[in-house]
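Undergrad: Input: one structure, supplied below.
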Amino acid sequence: MAWRYECGDCDRRTTWMGRADVEDVRHQHHDTAHRGKAPAKERFTSNAERVADNPRQLVFVLVIGILAAVVWVFDSIT
Ligand SMILES: [Zn+2]
């Protein structure tokens, strides 16, 4: 998984890199562009898939949930 840092105050955006590297770039950016302070708007973005991007994962989680519910109902009536 890779991370990217975006500064909302001055449109600085890194390439995809490791989490530790992104933290380093962020601190350097604070020192050089914002006199050591954190900007008002900044964010980290990861390139990990969100569940909404992959509906098959959501279906899988639902199926597991339904199976667990069936087992629980079966257990409580026997
Ligand atoms: Zn900035």
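All of the numbers you see were taken from the coordinates with simple rules; none came from a lab. Worth saying up front: this structure is predicted, and the values here are computed from it rather than measured. Heads up, the Cβs are rebuilt from the backbone with ideal geometry, glycines too, and the neighbour counts pull from every protein chain shown.
Undergrad: Calculate one ³J(HN,Hα) per residue across the stretch 19-31 by plugging θ = phi - 60° into the Karplus curve 6.51 cos²θ - 1.76 cosθ + 1.60, and present them in order as whole Hz with x for glycine and proline.
TA: Computed from phi, the couplings for the stretch 19-31 are 4, 5, 5, 4, 4, 4, 4, 4, 5, 4, 5, 4, 5 Hz.
Undergrad: Round to the nearest 10 and give me the degree value, 0 to 90, for the angle of helix 55-77's Cα axis relative to the longest principal axis of the chain.
TA: 40
Undergrad: Still on this structure: For Cα pairs less than 8 Å apart in space and 6+ apart in sequence, what is the mean separation divided by the residue count of the chain, i.e. the relative contact order in percent?
TA: Contact order relative to length: 31 percent.
Undergrad: I would also like to ask the following. Treating each Cα of the chain as an identical point scatterer and ignoring solvent, apply the Debye formula and state log10 I(q)/I(0) at q = 0.17, 0.19 Å⁻¹.
TA: The Cα Debye sum returns log10 ratios of -0.72, -0.81.
Undergrad: Would you mind working out the magnitude of the charge dipole of the chain relative to its Cα centre, with +1 at each Lys and Arg C-beta and -1 at each Asp and Glu C-beta, to the nearest 20 Debye?
TA: My answer is approximately 200 debye.
Undergrad: Still on this structure, please answer the following. What's the extension gain from ALA2 to ASP24 if we count 0.36 nm per residue and subtract their Cα-Cα distance?
TA: Gain on extension, ALA2 to ASP24, equals 6.5 nm.
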